[in-house]
Amino acid sequence: MTNAGSENNRLEGLIQAINNDDQVAVDQWIRSERFTLVALASEEDDEDALSALVVETEEFPAVVAFMDSEAAQLFVDSIADQIEGESVDLFEVDGESLLRPMSEEFGLLINPESDEAVMVEPGLLHSESGCDEECDGTEEEEDGSAS
């Protein structure tokens with residue numbers, strides 16, 4: 001069993017930011033955390049390229065992430081019959097590395113199939129102001145300069 005109390009405390013800031021539709025706070029929370037991702041590959045796939053597990057919701061695709069490797073392993077065990085014949089890799093990334101390659105139409109599903117599951121919709125994930133020039137070293141247009 002995971003230490004749910006500790007995870008709930010960690011997720012509290014994110015849940016509050018989501019409830020307030022605060023893109024900047026969601027972005028800052030994600031960038032301050034580390035996540036465990038699940039990569040599935042069939043035996044004939046290129047094993048050097050890891051790609052995070054994505055689920056399709058009715059409205060958008062979402063990258064699946066976990067707050068720790070124990071929760072990720074419990075999830076993998078729970079879907080073992082659905083992923084038979086595929087190799088499973090767990091890998092850890094920081095929040096910045098999670099967000100950087102993520103396309104704008106993707107959401108983020110944290111700790112699926114648990115009491116601590118949280119869905120972050122795409123509109124809250126892709127904040128223009130959350131990056132503040134630190135993400136890739138390039139300067140974005142300021143809100144005041146666009147007319």
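Derivation of every value follows stated rules applied to the coordinates shown; laboratory data play no part. This is a predicted model, so every value here is computed, not measured. Positions of Cβ are backbone-derived with ideal geometry, glycine not excepted, and every protein chain shown enters the neighbour counts.
The distance between label points at PHE91 and GLU70 comes to 2.5 nm (points 7 Å beyond Cα on the Cα→Cβ vector).
Near PRO122: Cβ cut-off under 11 Å, other residues only, Lys/Arg at +1 and Asp/Glu at -1. The net charge is -4. Between ASN20 and THR57, residue separation times 0.36 nm minus the direct Cα-Cα distance comes to 11.1 nm. Of the peptides 69-75, 82-88, 114-120, the order by per-residue mean of other Cβ atoms within 10 Å, starting with the highest, comes out as 69-75, 114-120, 82-88. For the peptides 94-104, 19-29, the ranking by packing is 19-29, 94-104, with the highest mean count of neighbouring Cβ atoms within 10 Å listed first.
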